[in-house]
Number of protein chains: 2
Amino acid sequence: MSDLVSEDHILARIASHFPNEGPDVLLGRGDDCAVLGVSGPLCVSTDLFMEDVHFRRSYFTPEDIGWKALAVNLSDLAADGARPMGFTVGLSLPPDADMALVDGLCAGMAELAAQASVPLVGGDLSRADKLHLCLTVFGQAEKTLLRGEAQPGDVIFLIGRTGLARAGLLLLEERGRAALNEWPIPCEAHLRPAPRLKEGMRLSRLAADWGREKGDPTCGRLGLMDLSDGLARDLPRLVGPGMGADIDMPMPHTEILRFMRSRNEAEPVAAAKRHAFLGGEDYALIGTCSPELAVHVMVANAETTMLGKVTEGGVIRVDGVPISGGFDHFAG
Amino acid sequence: MSDLVSEDHILARIASHFPNEGPDVLLGRGDDCAVLGVSGPLCVSTDLFMEDVHFRRSYFTPEDIGWKALAVNLSDLAADGARPMGFTVGLSLPPDADMALVDGLCAGMAELAAQASVPLVGGDLSRADKLHLCLTVFGQAEKTLLRGEAQPGDVIFLIGRTGLARAGLLLLEERGRAALNEWPIPCEAHLRPAPRLKEGMRLSRLAADWGREKGDPTCGRLGLMDLSDGLARDLPRLVGPGMGADIDMPMPHTEILRFMRSRNEAEPVAAAKRHAFLGGEDYALIGTCSPELAVHVMVANAETTMLGKVTEGGVIRVDGVPISGGFDHFAG
């Protein structure tokens, strides 16, 4: 039998994991609304994190679930170059939930919240058939970095790697947590992605400084987004309607090559590149900028790779070949 | 078979119901984050609205569901005296969902959103076993009205009625939508509560003006909250720890008296008052203020009733009798 005796009891336990204060919090949890001190443009994003859609409890620990639910939301702030100021959680607990599950969720989420210096400022609690989380995050950027404002000839760059999380997903689906023994790096990439907040904030500052110093109102046309659905699906969104891209896939992570060899792929490098192009949930950042700004973007963050250029005409070319694809929760 | 062919297809349909702009919206839906123009304290609230916990599809139309999901969230802004600036929706659709359901949800929600002048600025979409909504609302108040700052002798007031929604819930649970024929007022109170945004904003302005004109930094100690869980549970939250209340229950709505008579209650007036004290989901507002401000509070809004006074010592007295109770999603 569940040891969750009352809503107040659960809320008190959740509260014990999260400080109810922060530099931007004028009023924390406990009233009708939380009150944040805000001045200027505020970035807001909401993401769902749903059992058996986005995660399985068979191979996600409660701590992993709490971590990743917050990570994927913070990644949206990173993609705007924003500093996180607070977040809310709508938490729906399934019939078999107990305090150990609640504690684990909170511990994983609180660990990342502490790393990112982002306070939990509110939320709601309910029961449901499965474990569901809905998070909303708030933040502010020195210069809010958008997408879809690129021009032909602008540089396309990638911060981080792609494909590892997809390999982890396939392995965890096949083998459960046992996959962690042989494949810790891809599995951790899927279970515990790291939102690239510092990288986003550095680029936001770079764009703001460039705009000021050069008197350039476009701030070097620095556009940014996070890779949640994979390059194949997100690249067209980055460059915007009517624009295309001509990119070269970088050599994938050695673990992806090893993964392809373990599957006896005849051409492991080609297969790994295709996998790295299609695979989602890496929460790497991709962006575009004017050629003049590109060298500063490269220098600003380690793990930045030049992928290619923005083109006219709406076609995505990878290693010279036109290509399309992606991931859709509702498609057949 | 469902006609929901892809996530992009559903998102496009949702978008057609909601304008993607607003006076406070710097960047609407479609990027990693929405961007709101904010200056000063920002009120934020998140609420879940879950099938078979907060509503049943057997007697809520899709339009009712969309309306009420937004209404209960906006009520939290009303309780702070805030003007709504935007909201996000995490929408989880069940396997039997079709475009008619999506259209209905959106139509009901968009109707209230237009009335309240609040734009949809973002969200997320997923599938789930049941229909789940998680909304987050943002707003700003001239003076943010909190709770728990009352002093003994302060006046307790109610804006609106209590108990109707609870009667509607009982009738709808027993009879389904057929209950609407004989009991339209209680049923509508449950299905389509009206968030008291104007009332909250008027009180916020009143408090701000009082603070300025009287040089009173407490702004008349005007505290406010919305009644989501019923007076029995919410009154202690309003007055705050260590404080009590001594109230007289006003004569309940005639429909509650009729409801009690229809159940052959031996003492229908006493039963109706008890019902009105315990029943939740009316989204009336309750508040406290200094005796000096009370007359202005009474004048500011129609449907304002003086309930009683704040007392020392943590006891809630109703018509002279100490009492407790309430509603808890998790309690046996």
Residue in region B:183-191 that is within 28 Å of B:Gly90 (Cβ to Cβ), open to solvent by 10 Å² or more (accessible area, probe 1.4 Å), outside the structural domain of B:Val89 (by the TED database) and assigned to a helix (DSSP H, G or I) present: yes
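Here is a yes/no grid of residues against (1) modelled with pLDDT under 95; (2) away from every other protein chain (no Cβ under 14 Å); (3) in contact with a Ser or Thr (Cβ under 7 Å, 6 or more places away or on another chain):
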{"residue": "B:Phe157", "(1), (2), (3)": "no, yes, yes"}
{"residue": "B:Leu171", "(1), (2), (3)": "no, yes, no"}
{"residue": "B:Pro186", "(1), (2), (3)": "no, yes, no"}
{"residue": "B:Lys198", "(1), (2), (3)": "no, yes, no"}
{"residue": "B:Arg202", "(1), (2), (3)": "no, yes, no"}
{"residue": "B:Leu206", "(1), (2), (3)": "no, yes, no"}
{"residue": "B:Gly223", "(1), (2), (3)": "no, no, yes"}
Any pair with Cβ under 7 angstrom, 6 or more apart, that starts in region A:112-133 at a residue that is within 14 Å of A:Lys198 (Cα to Cα) and ends at one that is of a type in the set (Gly, Ala, Ser) and surrounded by 19 or more Cβ atoms within 10 Å (Cβ to Cβ): A:Leu112/A:Ala71; A:Val118/A:Gly86
Pick from region A:1-27, criterion charged (D, E, K, R) and within 19 Å of A:Leu112 (Cα to Cα), ranking: nearest to the other protein chains (Cβ to nearest Cβ): A:Asp24
Residue count for region A:15-58, restricted to those that are under 24 Å from the mean Cα position of the chain (by Cα), farther than 14 Å from A:Pro84 by Cβ and of a type in the set (A, V, I, L, M, F, W, C): 5
Residues that are touching a Gly at 6+ places or on another chain (Cβ under 9 Å) and either farther than 25 Å from B:Leu278 by Cβ or outside any loop (DSSP other than H, G, I, E, B) (or both), drawn from region B:153-169: B:Val155, B:Ile156, B:Phe157, B:Leu158, B:Ile159, B:Leu164, B:Ala165, B:Arg166, B:Ala167, B:Leu169
Cβ pairs under 6 Å, 6+ apart, first in region A:238-260 and charged (D, E, K, R), second part of a helix (DSSP H, G or I): A:Glu255/A:Ile185; A:Glu255/A:Pro186
Residue selected from region A:129-149 under the condition open to solvent by 10 Å² or more (accessible area, probe 1.4 Å) and aliphatic (A, V, I, L, M), by the criterion farthest from the other protein chains (Cβ to nearest Cβ): A:Ala141
Unique match (being not small (Gly, Ala, Ser) and not assigned by the TED database to the domain that holds B:Thr136) among B:Asp24, B:Asp3: B:Asp3
Subset of region B:21-41 [under 20 Å from A:Asp47 (Cβ atoms) and either aliphatic (A, V, I, L, M) or open to solvent by 70 Å² or more (accessible area, probe 1.4 Å) (or both)]: B:Val25, B:Leu27, B:Ala34, B:Val35, B:Leu36
Hey, A:Thr88 polar (S, T, N, Q), facing another protein chain (nearest Cβ under 7 Å) and in contact (Cβ under 8 Å) with a residue 60 or more places away in the chain or not: no
Residue count for region A:101-123, restricted to those that are under 14 Å from A:Ala69 (Cβ atoms) and in a loop (DSSP other than H, G, I, E, B): 2
Residues satisfying the stated conditions in region B:28-81, i.e. in a loop (DSSP other than H, G, I, E, B), of a type in the set (A, V, I, L, M, F, W, C) and either without any contact (Cβ under 8 Å) to a residue 40 or more places away in the chain or at the interface with chain A (Cβ under 9 Å from one of its Cβ atoms) (or both): B:Cys33, B:Val53
Single condition A:Ser126 does not satisfy, out of (1) surrounded by fewer than 22 Cβ atoms within 10 Å (Cβ to Cβ); (2) more than 7 Å from every other protein chain (Cβ to nearest Cβ); (3) in a strand (DSSP E or B): (2)
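The values are calculated or read from the model by the stated rules, or taken from the named source; none is laboratory data. Every value quoted in this text rests on a predicted model; they were computed, and no experiment measured them. Ideal geometry is used to build each Cβ from the backbone, glycine not excepted, and the neighbour counts take in all protein chains shown. These accessible areas exclude ligands, DNA and RNA; they are computed on the full protein's heavy atoms, side chains included. Shrake-Rupley method; radii C 1.70, N 1.55, O 1.52, S 1.80 Å.
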